[in-house]
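These notes are about the structure you will find just below.
Derivation of every value follows stated rules applied to the coordinates shown; laboratory data play no part. Predicted, not measured: the structure shown is a model, and the values here were computed from it. Quick reminder, even Gly has a Cβ in these numbers, built from the backbone with ideal geometry, and neighbours come from all protein chains shown.
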């Protein structure tokens with residue numbers, strides 16, 4: 001705007017003023033600002049995805065993003081600009097992530113990175129992207145460390161963080177079972193400790209009294225049977241199960257077979273019906289509790305939900321290769337909607353600084369695939385878009401949501 | 001034994017000049033990629049000593065690469081060592097590890113040795129995560145390393161400087177390797193591969209040579225791991241999955257077994273072919289990779305280095321023929 005004004009001379013000032021007022025939008029467009037990877041016709045984004053390697057099942061997320069942008073571009077893009085997403089394979093190998101991200105930043109010159117996947121992969125580029133001041137947005141990982149605006153002002157996560165999840169369980173227990181005697185089993189690594197910290201912080205002062213026993217296991221352990229017996233022996237009546245799928249299934253079975261049968265809270269990582277509850281025996285998990293934050297594609301209560309129908313329509317028409325039962329495809333749809341929202345908010349100021357400013361300025365943004373009533377909020381001091389979840393109870397066939405949304409500021 | 005003739009020396013000199021000019025001609029990101037190629041080339045030469053020259057198959061060299069990388073990372077991060085000082089230590093640690101692993105592995109031949117090393121490669125990522133050493137290794141989180149700056153007098157970027165640092169190590173290790181493989185020890189290694197009984201009858205200490213080969217091979221791979229870690233600025237167990245070991249073996253075979261120059265061809269292959277495969281298909285990058293691999297093996301059964309050798313011999317014969325006439 002200021003540039004525009006300096007050019008007009010006195011004689012035309014009045015007329016120009018009227019014109020500016022009348023064509024406000026047009027005048028604004030002339031003042032458009034572009035950073036690397038953005039122009040009047042195109043916005044370039046970059047990402048790394050595990051299209052090959054041990055985590056290749058998550059590759060569907062990147063594929064959905066690309067199809068979504070194709071459809072969006074056909075209908076005009078964002079503010080008239082087409083979106084190009086350069087999505088590269090890193091095979092879930094951190095050195096490859098570094099290489100590919102350097103390509104995206106230094107050769108392709110993308111405006112921002114979007115949904116780079118995996119905790120180790122993002123750890124490898126964390127310092128680099130912050131040194132280069134490239135927006136590192138909506139990372140596809142649950143670690144809590146991504147929301148650290150003070151030390152890493154260019155990185156912003158997406159998932160409900162592990163600590164938030166733990167805090168939600170704690171909050172619910174405090175309200176509904178304040179006299180619970182809690183036994184906790186957790187995987188002895190940063191993921192397990194991350195969830196545990198959320199639980200402990202959430203319980204606060206009451207935690208010392210409520211938690212009667214903690215047990216840990218190593219990923220290399222054959223079973224967690226003895227840990228379950230230890231927890232049972234402690235007299236705990238509530239079991240917080242912070243495990244990965246294989247151990248989750250063992251814990252579900254043992255907690256039932258040993259006759260313990262506590263109130264069983266299973267963390268989201270192990271809440272998969274297919275890979276945990278069915279192998280363990282679904283009847284042994286009836287009544288178990290977990291947290292959800294987006295709609296489950298297999299849950300019949302969303303069968304005729306408009307957002308779900310829209311998503312199914314998209315899957316059927318534009319992404320036939322994708323599995324409509326795979327929750328990752330719901331997740332990917334929500335994240336790409338969020339990215340589009342950030343770009344919309346940027347208007348015509350497509351500099352990296354403004355992209356970051358807008359990513360940290362989501363106000364009550366709703367994706368209808370999130371659970372009803374949920375919205376995303378970020379601010380310059382809050383880099384966690386999702387801080388709410390709803391508890392769900394296992395019926396023997398599916399996870400059924402219950403109660404109100406629970407919010408947390410635990411991070 | 002045959003030294004290099006003048007034409008070959010001149011060729012090497014030209015290559016060296018080109019190698020020195022390269023980082024000024026391409027973008028920093030490419031320089032970084034080529035630095036990784038150099039690191040891989042060192043690892044491949046190490047593995048080639050063992051597999052190509054000595055006939056012992058290792059499916060676990062990714063483990064030594066990881067040990068080298070972690071040694072450098074831990075020394076820099078926890079002990080505050082300068083990056084350049086960590087390289088020889090990484091090599092020494094891997095030499096000892098390789099030698100010790102080589103001793104019992106001697107009893108194993110061919111496929112059995114392949115399986116024993118396979119176990120090492122598979123176990124390494126989990127060992128690195130173990131809680132008893134988590135204080136140093138950082139567990140699954142890994143270790144972030146600070147990228148070394150170029151000395152001010154050079155005026156180089158960080159990437160360019162690291163490239164020259166790696167290039168220096170490549171020169172040193174390849175000259176040493178060339179001398180080793182073309183000398184008495186090299187002949188003993190090849191003899192053990194081809195005729196173990198005859199070699200023993202000739203007075204070759206089979207056990208010692210095999211163990212030492214294992215040690216030196218691990219030393220090379222460990223140095224490569226340390227250089228790679230410094231270039232990438234990050235180590236984590238997931239960086240050294242079992243697939244790395246297979247990748248290294250692929251590189252050796254593609255480059256050419258029992259060939260020194262083959263290490264470079266192999267390194268270029270393992271660095272760039274996955275990227276090309278990804279460009280061609282997101283749905284099945286590994287299928288593309290496999291097709292390229294098969295194509296290479298069919299058209300160049302002796303590896304790229306073997307192909308170049310044959311092509312040069314044919315060319316020389318043709319040229320020789322024409323001058324006679």
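If you count the DSSP beta bridges with both ends in the protein assembly as shown, what percent of them are antiparallel, to the nearest 5? Please report the intermediate quantities before stating the final value.
Values: 17 of 51 bridges.
The antiparallel proportion sits near 35 percent.
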Calculate the length of the line joining the C-alpha centroid of the stretch A:65-88 to that of the stretch A:344-411, in whole Å. 22 Å
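I need the peptides A:213-219, B:147-153, A:328-334 ranked by packing, meaning the mean over residues of other C-beta atoms within 10 angstrom, with the highest value on top.
Put in order of decreasing packing, that is A:328-334, A:213-219, B:147-153.
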Nearest 10, in degrees from 0 to 90: the angle of helix A:13-22 to the longest Cα principal axis of chain A is 40 degrees
Give the distance, in whole Å, between the Cα centre of the stretch B:272-325 and the Cα centre of the stretch B:1-36. 20 Å
What is the stretch B:1-105 by shape, rounded, prolate or oblate, if you read a ≥ b ≥ c off the alpha carbon gyration tensor as root eigenvalues and call it rounded for a/c under 1.5, prolate for a/b larger than b/c, and oblate otherwise? oblate
Rounded to the nearest 5, the percent of DSSP beta bridges in chain A running antiparallel is 30 percent
Quick check on the protein assembly as shown: helices-only [θ] at 222 nm, where DSSP H runs of length 4 and up contribute -39,500 (n - 2.57) each and the sum goes over total residues. Nearest 500, please. -17500 deg cm²/dmol
Across the residues of A:47-59, average count of Cβ atoms on other protein chains within 10 Å? 3
Compare the peptides A:114-127, B:283-296, A:175-188 by average per-residue count of other Cβ atoms within 10 angstrom and give them in order, highest first. A:114-127, A:175-188, B:283-296
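Per residue of A:121-132, count partner chain C-beta atoms within 10 Å of its C-beta, then hand back the mean as an integer. Mind showing how you got there, number by number?
Details: counts 4, 0, 9, 9, 2, 2, 6, 5, 0, 0, 1, 0.
That works out to 3 on average.
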Kindly put A:264, B:130, B:61 in sequence by how many other C-beta atoms sit within 10 Å of each C-beta, fewest to most. B:130, A:264, B:61
For the protein assembly as shown, shape from the Cα gyration tensor axes a ≥ b ≥ c, cut at a/c of 1.5 then a/b versus b/c, turns out oblate
Helix axis angle, A:190-203 relative to chain A longest principal axis, alpha carbon, degrees: 80 degrees
By the gyration tensor of its Cα atoms, with a ≥ b ≥ c the square roots of the eigenvalues, what is the shape of the stretch A:219-269: rounded for a/c under 1.5, prolate for a/b over b/c, or oblate? oblate
Helix A:162-176 versus the longest principal axis of chain A: what is the Cα-based angle in degrees, 0 to 90, to the nearest 10? 60 degrees
Shielding by partners - mean other protein chain Cβ count within 10 Å, residues of B:236-244: 6
Measuring from centroid to centroid over Cα atoms, what is the spacing of the stretch A:135-188 and the stretch B:104-175 in Å? 33 Å
